[in-house]
Amino acid sequence: MQDLAAARALVQAAGGRPGALCVLTGAGMSAESGIPTFRDALTGLWARFDPAELASEEGFRAQPQRVWDWYAERREGVRRAEPNAGHHALAGYARLWPGTLVLVTQNVDDLHQRAGNADAIRLHGDILADRWLQPCPRRPGCRPVDASPGRPPHCGECDNLVRPGVVWFGEELPAPALAAARRASENCAVMLVVGTSGAVWPAAGLVSRARQRGAQVLIVNPAPSEIDDQAHRVLRGTAARTLPLLLDSPRAGA
Ligand code: OAD
């Protein structure tokens, strides 16, 4: 409880200073909303596949229908899910202290946005968005044809395929999002890291970047992560239980 009180004092003191609180979230943020982590989503029918077979351009080109079906199932799970108390606590803090919080997420779901953090920086894209697999070779452009049995959506004329708007293994992160996340980590006074294993780069590097620039690093995770050694304080708890205790202020309901 001592750690919680000290961590709470830090985030409350940041309130009102532009960009003072940078928050990095990972899959654990949405776990209590019922969205499985990437690896946990490889269960049941999908357990026999390697992640790279389902989340890479190579895998999609080899088996477009299989990959499309896997994402269709995950999209359905995201649409059914609701933001949890952790998402709401972050949105409440942002409302209370406009401009203080910069939220950076590795998650491809839209739960931060639905909770009210419309400006969250999305490092790994948006699972609900569609985009073309390759730039259109024609002018004025590709036109989608609905999925036919055994076929994901594609261009009726040039066969270009529609793919989910996420970052796959081997792909670059969207440059504007990464640049904005780096700026936020360099400028913050407190870096709050929630529900990430810290194993995926370059996102994990944001934490050491913040620490090197003098930020206090707080981690919220029920289990050890690969970046615990970067933290000034580790709060062993889940996102939905811990974030309201950390972020809610007596003024929040005012
Ligand atoms: P991981 O699946 O690697 O790690 C999830 C983390 O959440 C672990 O450290 C858990 O201990 C923690 N966790 C579990 N339940 C939690 C809860 N209720 N509250 C808080 N934390 C909890 O997820 P990420 O670190 O987000 O990449 O991994 C990042 C990327 O790896 C994902 O964006 C995805 C995946 O491969 C791409 O799709 C490119």
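Tabulated values for the structure
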item	result
Rounded tilt (10° steps) of 175-187 against the dominant C-alpha axis of the chain	10 degrees
Positive-end extreme of charge dipole, the chain - chosen from 196, 14, 72 (charges on Cβ)	14
Estimated distance in nm for a label pair at residue 76 and residue 145, the labels positioned 7 Å out from Cα along Cα-to-Cβ	2.5 nm
Helix 85-96 vs. the chain, principal-axis angle (Cα, 0 to 90°, nearest 10)	70 degrees
Cα centre as origin, Lys/Arg/Asp/Glu Cβ charges: the stretch 163-254 dipole, Debye	260 debye
The stretch 87-120-the stretch 19-66 distance, computed between alpha-carbon centres (Å)	21 Å
Unit charges on C-beta of K, R, D, E only; dipole of the chain, Debye	640 debye
Net charge of Cβ neighbours under 12 Å - reference residue 203; Lys, Arg +1; Asp, Glu -1	+2
Accessible surface of the chain [probe 1.4 Å, protein heavy atoms]: carbon and sulfur percent	52 percent
Surrounding net charge for residue 124, when Lys and Arg each add one and Asp and Glu each subtract one, Cβ distance under 12 Å	-3
Equivalent ellipsoid dimensions for the chain as semi-axes, Å, which come from the Cα gyration tensor, largest first	36, 18, 17
Radius of gyration and maximum dimension Dmax of the stretch 115-166, Cα, Å	13.8, 40
Evaluated at q = 0.09, 0.10 Å⁻¹: base-10 log I(q)/I(0), Debye formula over Cα of the stretch 1-136	-0.35, -0.42
Charge tally in the Cβ shell below 13 Å around residue 59, where Lys, Arg are +1 and Asp, Glu are -1, residue 59 excluded	-3
Residue among 133, 243, 103 with the largest mean-square fluctuation in a Gaussian network model of the chain, springs linking Cα atoms under 10 Å	133
Electrostatic dipole magnitude of the stretch 1-141 [Cβ: Lys, Arg +1; Asp, Glu -1; Cα centre; debye, to 20]	380 debye
1.4 Å probe accessible area per residue over the stretch 191-254, in Å²	48 Å²
Amide H within-cut-off set for residue 154, under 5 Å, with H built and near neighbours excluded	145, 162
Degrees, to the nearest 10: 2-14 long Cα axis against longest axis of the chain	80 degrees
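The values are calculated or read from the model by the stated rules, or taken from the named source; none is laboratory data. Keep in mind that what you see is a predicted model, and the values were worked out from it rather than measured. Here the Cβ is made from the backbone with ideal geometry for all residues, glycine too, and neighbour counts use every protein chain on show. What goes into the accessible areas is simple: the full protein's heavy atoms, side chains included, and nothing from ligands, DNA or RNA. Shrake-Rupley method; radii C 1.70, N 1.55, O 1.52, S 1.80 Å.
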